[in-house]
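Single-structure report; data block below.
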Amino acid sequence: QVPFVESGGGLVQAGGSLRLSCAASGSTLSFGTIAWYRQGPGKQRDLVASISRSGATYYNPVVKGRFTISRDNPKNTVYLQMNSLKTEDTAVYYCNTLVNSRTWGQGTQVTVSS
């Protein structure tokens with residue numbers, strides 16, 4: 001199965017902002033919960049935020065208040081608006097379904113400098 005396609009990462013100074021995009025095909029976005037994950041160097045992959053088909057959201061406590069997850073169902077796209085970025089947010093960010101994950105994509109690199 002084809003993976004999701006992540007984009008929008010880059011290099012940003014601490015305190016800055018980035019907006020990530022996750023593009024899906026077909027009806028995947030409309031029937032299930034989609035989540036953003038991240039994996040820093042030498043660390044496991046952690047859940048960052050998720051959004052259900054109805055728009056209900058969940059945030060990892062370490063990003064709550066700084067990150068906002070949203071979706072555009074007609075475009076089959078999920079976004080992650082990241083504000084007040086910290087160096088510890090540096091990681092590769094991935095998008096996938098919360099249940100019955102697809103093949104993992106390449107992710108998008110987010111690097112926050114001090």
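The values are calculated or read from the model by the stated rules, or taken from the named source; none is laboratory data. Since the structure is predicted, the reported quantities are computational estimates derived from the model, not experimental observations. We place every Cβ from the backbone using ideal geometry, glycine too, and count neighbours over all the protein chains shown. Just the protein is used for accessible areas: all its heavy atoms, side chains included, with ligands, DNA and RNA removed. Shrake-Rupley method; radii C 1.70, N 1.55, O 1.52, S 1.80 Å.
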Exercise for the section: Name the residue, out of GLY42, GLY15, GLY55, GLY8, that is on the phi > 0 side of the Ramachandran plot and either open to solvent by 60 Å² or more (accessible area, probe 1.4 Å) or among the aliphatic types (A, V, I, L, M) (or both). Expected result: GLY42
Exercise for the section: Being closer than 11 Å to GLN81 by Cβ, in a strand (DSSP E or B) and either among the charged types (D, E, K, R) or touching a residue at least 40 places away in the same chain (Cβ under 8 Å) (or both) is the filter here, so list the residues in region 57-71 that pass it. Expected result: none
Problem - Per-region count, region 30-39, residues surrounded by fewer than 22 Cβ atoms within 10 Å (Cβ to Cβ) and of a type in the set (Val, Ile, Thr) - result: 1
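Inspect region 97-105 for any residue being among the hydrophobic types (A, V, I, L, M, F, W, C), open to solvent by 40 Å² or more (accessible area, probe 1.4 Å) and part of a strand (DSSP E or B) and give the result as yes or no.
Within region 97-105, none of the residues are among the hydrophobic types (A, V, I, L, M, F, W, C), open to solvent by 40 Å² or more (accessible area, probe 1.4 Å) and part of a strand (DSSP E or B).
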Exercise for the section: Taking VAL78 as the residue in question, decide whether it is modelled with pLDDT of 90 or more, closer than 19 Å to VAL2 by Cα, in contact with a helix residue (DSSP H, G or I) (Cβ under 8 Å, 6 or more places away or on another chain) and assigned to a strand (DSSP E or B). Expected result: yes
Problem - Scan of region 20-56 for residues that are assigned to a strand (DSSP E or B), touching a residue at least 60 places away in the same chain (Cβ under 8 Å) and small (Gly, Ala, Ser), ordered by number - result: ALA35
Handout entry: Residue list for region 24-38, restricted to those being over 11 Å from the mean Cα position of the chain (by Cα) and at pLDDT 90 or above
Key = THR33
